[in-house]
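The values are calculated or read from the model by the stated rules, or taken from the named source; none is laboratory data. Everything numeric in this text was worked out from a predicted model, so none of it was measured. When we count neighbours, we look across all protein chains shown, and the Cβ atoms used for this are built from the backbone with ideal geometry, even at glycine.
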Amino acid sequence: MTAMRVAARGFTLIEMLVTVVILAVLASVLVLSVGAGDEEQRLRREVERLQARIVYACERAELTGREVGLHLRAGGYAFSAMQGEGWRFIEDDPALKRTQLATSITLSADDEALVESFAEQPQLLCFASGEATPLTIELAAGPRASHWRIDIAFDGHTRLQQRNIDDRDWRAVERGRR
């Protein structure tokens, strides 16, 4: 019998290393793209939540006959009601409680940066008549995320807009209520 030599079949070390490198690159790209989407979704939820709270605050002002204000600061916002001695933060309504935004989210009002502490006077007033002081609130989450804007008109209507990082123009988002 002649000894047959069977050739070993398998992968070389170099082929295995190349495969591992390709898989590592694909995994890192996937992780980075999923992470960016999470931040964008978090920003959109926060914008929609703020818009809903503004609408609710203005409706509350109409129903109670008492003005409601919105105080904005870098990193958060709070609602207040006019008391005899001035503006007091609303603590008894969970929907209007003070809110701290994620550190990655920036907030501005009428194209002006905000300070770290709440101002004595609110930037937005919702009157018992249903009117409001016009205001534009802009939120963004990092340099690569889209920007969101809530426009509040004098009649209390809100309009939600978005601008992607590559765009110059704002586009309306079908979410505006009231």
- Note on the structure: Checked pairs for the range 30-58, first modelled with pLDDT of 80 or more, second part of a helix (DSSP H, G or I), C-beta under 9 Å and 6 or more apart or across chains, list as Ala52/Ala95; Arg53/Ala95; Arg53/Leu96; Tyr56/Ala95; Tyr56/Leu96; Ala57/Ala95; Ala57/Leu96
- Message: If the requirement is being out of contact with any helix residue (DSSP H, G or I) (no Cβ under 6 Å at 6 or more places or on another chain), charged (D, E, K, R) and in a strand (DSSP E or B), which of these qualifies: Arg88, Arg44?
- Response: Arg88
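Every residue, every condition in (1) surrounded by fewer than 18 Cβ atoms within 10 Å (Cβ to Cβ); (2) closer than 20 Å to Glu46 by Cβ; (3) of a type outside the set (Ser, Thr, Tyr), yes or no:
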position	(1), (2), (3)
Tyr56	no, yes, no
Gln83	yes, no, yes
Gly86	yes, no, yes
Ala95	yes, yes, yes
Glu120	yes, no, yes
- Message: What's the number of the only condition in (1) part of a strand (DSSP E or B); (2) at pLDDT 90 or above; (3) under 19 Å from the mean Cα position of the chain (by Cα) that Ala95 fails to meet?
- Response: (1)
- Message: Cβ-Cβ under 7 Å, sequence separation 6+ or interchain: first residue in the range 98-124 and closer than 12 Å to Tyr77 by Cα, partner polar (S, T, N, Q) and crowded, with 17+ Cβ neighbours inside 10 Å. Which pairs?
- Response: Ala109/Gln123; Leu114/Ser108; Pro122/Ser80
- Query: Does Glu46 satisfy the condition of being of a type in the set (D, E, K, R), under 21 Å from Val173 (Cβ atoms), in contact with a Leu (Cβ under 8 Å, 6 or more places away or on another chain) and surrounded by 15 or more Cβ atoms within 10 Å (Cβ to Cβ)?
  - Reply: yes
- Query: Tell me, which residue of the range 58-75 that is of a type in the set (Lys, Arg) and over 21 Å from the mean Cα position of the chain (by Cα) is surrounded by the fewest Cβ atoms within 10 Å (Cβ to Cβ)?
  - Reply: Arg66
- Are any residues in the range 141-178 acidic (Asp, Glu) and either exposed (fewer than 11 other Cβ atoms within 10 Å of the Cβ) or at pLDDT 80 or above (or both), and if so, which ones? Asp151, Asp155, Asp166, Asp169, Glu174
